Amino acid sequence: MATRLKKSKSAVAPENSFMEAIEVLGKEKGISSEILFDAIDKALSSAYKKNYNNEANCRVSLDRNTGEYHVYAIKEVVEEVTNPVTQISLGMAHKISEDYAVGDTLEEEVTPANFGRIAAQNAKQVVVQAIREAERGIIFNEYVNRANDIITGVVQRVENKNVYINLGKTEAILGPGEQISNEKYAVGDRIKALIVEVKNTTKGPQVMISRTHPGLLKRLFELEVPEIQNGDVEIKSVAREPGMRSKIAVYAEDENIDAVGSCVGPRGTRVQTIVDELRNEKIDIVKWSSDPVQFIANALSPARVVSVAINESEKLSRVVVPDYQLSLAIGKEGQNARLAAKLTSWKIDIKSESQAEEFGFDDAEETIDIAEFASEDFYSEE
């Protein structure tokens with residue numbers, strides 16, 4: 001089976017400026033001009049079928065150098081023609097070339113004389129669409145690998161409880177569940193948020209962001225504290241109740257480095273910048289310890305701890321505090337105890353000294369007295 005071409009001398013060439021524009025746009029947008037030309041070929045084939053012969057099997061060839069384009073009807077060589085749109089008789093084929101045989105494919109040029117206007121219109125539409133899709137792909141690729149990264153943007157609009165943030169090349173969506181409950185967002189506000197997901201939708205890339213994710217607090221400290229950026233101080237864990245209070249545990253392997261002090265900054269400037277960004281969310285900074293007893297006691301600061309009993313198998317701890325410190329250890333509506341449990345990943349049962357004497361800790365594997373311990377490695381932004 002062979003494919004041969006019957007080509008007429010007629011051809012249509014768009015203005016050279018159009019061809020030059022394709023090359024320039026391709027370079028500006030970072031898109032291969034060949035991709036644009038291929039898209040134009042397909043669009044012109046569809047345009048021909050729509051406007052001239054919907055049953056035709058055809059292709060359009062656009063010369064990449066001269067800009068000339070030709071429309072070819074693709075026909076099968078047969079003994080007896082049953083569909084003149086897609087078939088040609090062997091006798092007619094032999095008038096073109098004696099080499100044709102039944103089963104061969106013949107391409108006959110059928111470029112309409114008035115196809116130029118339709119071709120130009122479709123070509124422009126296809127180029128615009130191809131560029132739009134390519135730009136969407138570039139934006140998606142730019143953000144898809146930035147999950148858990150911070151972005152800064154400007155509030156563009158608020159619709160149906162969603163806040164749309166202008167990032168420059170695209171916009172991000174701050175959904176209702178990712179908004180801090182006591183925050184109000186006004187058009188023009190500049191905010192930071194954490195990228196949690198990037199979706200590639202039919203309408204283009206969709207960047208989903210969060211103001212409530214614990215990772216936002218972690219990334220804000222990483223941006224503000226040089227010791228964290230260079231690896232001298234490490235953030236071990238974060239617990240957060242967005243808009244209310246957070247706890248963060250930090251650690252420095254070098255004993256000469258004050259991990260908590262580094263995060264606080266001179267006169268509290270570093271932590272204050274983060275508090276301001278989170279609209280006055282209270283932040284406790286505690287020193288992390290590999291010893292769960294020590295870490296649990298630190299996590300409950302500012303409350304003083306008398307003793308900590310731990311049950312390793314159940315990850316359960318029972319803490320004794322002075323009677324006058326019980327409400328402070330538990331916190332308003334249990335917030336301090338709840339955040340400490342999240343921070344340490346231990347269940348924490350808090351009792352006053354008088355309660356401990358009454359109930360005891362029979363199920364504890366180990367009990368350690370800390371003698372009115374209150375961590376000096378602690379900071380609270382009240």
Could you give every pair whose Cβ atoms fall below 6 Å, whose first residue belongs to region 243-258 and is without any contact (Cβ under 8 Å) to a residue 40 or more places away in the chain, and whose second residue is of a type in the set (Lys, Arg), counting only separations of at least 6 or pairs across chains? 251/236
Would you mind telling me which numbered condition in (1) modelled with pLDDT of 95 or more; (2) crowded, with 22+ Cβ neighbours inside 10 Å residue 239 fails? (2)
Please tell me if residue 335 is under 35 Å from the mean Cα position of the chain (by Cα) and surrounded by fewer than 20 Cβ atoms within 10 Å (Cβ to Cβ). yes
Neighbours by Cβ (under 7 Å, 6+ apart or cross-chain): first from region 23-51, buried (at least 19 other Cβ atoms within 10 Å of the Cβ); second among the hydroxyl-bearing types (Ser, Thr, Tyr) and outside any helix (DSSP H, G or I): 26/32; 44/69
Looking at 95, 49 in this structure, which one is basic (Lys, Arg) and modelled with pLDDT under 85? 49
Is it fair to say residue 345 is more than 37 Å from the chain's Cα centre (by Cα) and at pLDDT 85 or above? no
List pairs: first residue in region 84-99 and among the small types (Gly, Ala, Ser), second residue assigned to a loop (DSSP other than H, G, I, E, B) anywhere in the structure, Cβ distance under 6 angstrom, at least six positions apart or on different chains. 89/81; 93/100
Of the residues that make up region 307-320, is at least one within 23 Å of residue 215 (Cβ to Cβ), in the same structural domain as residue 238 (by TED's automatic domain parsing), of a type in the set (Gly, Ala, Ser) and out of contact with any Phe, Trp or Tyr (no Cβ under 6 Å at 6 or more places or on another chain)? no
Would you mind finding the one in 313, 262, 290 that is in contact (Cβ under 8 Å) with a residue 12 or more places away in the chain, surrounded by fewer than 17 Cβ atoms within 10 Å (Cβ to Cβ) and of a type in the set (Ser, Thr, Tyr)? 313
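Have a look at 275, 250, 271 and point out the one that is of a type outside the set (Lys, Arg), in contact with a Cys (Cβ under 8 Å, 6 or more places away or on another chain) and assigned to a helix (DSSP H, G or I). Lay out the reasoning, then the answer.
On the way: 275 fails: in contact with a Cys (Cβ under 8 Å, 6 or more places away or on another chain); 250 fails: assigned to a helix (DSSP H, G or I).
One residue alone meets the criteria, 271.
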Looking only at region 210-241, count how many residues are under 23 Å from residue 185 (Cα atoms), polar (S, T, N, Q) and assigned to a strand (DSSP E or B). 1
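The values are calculated or read from the model by the stated rules, or taken from the named source; none is laboratory data. A quick note: this is a predicted structure, and the numbers were derived from the prediction, not measured. We place every Cβ from the backbone using ideal geometry, glycine too, and count neighbours over all the protein chains shown.
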